[in-house]
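Inspection log for the structure reproduced underneath, given as structure tokens.
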Amino acid sequence: MDDQQWFAEQFAQHRPRLRSVAYRLLGSPTEVDDALQEAWLRAPRAPTRPRSRIPWRG
């Protein structure tokens with residue numbers, strides 16, 4: 001499994017939690033969808049921490 005496939009699986013697994021948090025912050029389903037799409041596009045380019053390869057889990 002390559003890194004891109006691994007990341008896609010992790011993002012899909014954590015998507016419900018990400019949607020929930022984003023909805024609490026943004027309050028609009030449309031804005032939530034936009035925020036998750038933006039996170040999907042940006043996260044693979046973000047620097048990773050040694051503890052986790054998943055940027056939102058720190």
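What follows is calculated from the coordinates using simple rules that are stated; it is not laboratory data. Not measured: the values here are computed from a predicted model. Backbone-built Cβ (ideal geometry, glycine too); neighbour counts: all protein chains shown.
Taken along the Cα-to-beta-carbon direction at a fixed 7 Å, the label points for Ala39 and Asp2 span 2.5 nm. Computed 3J(HN,Hα) for the range 15-22, one whole-Hz value per residue from the Karplus formula 6.51 cos²θ - 1.76 cosθ + 1.60 where θ = phi - 60°, is 4, x, 5, 4, 4, 4, 5, 4, glycine and proline marked x.
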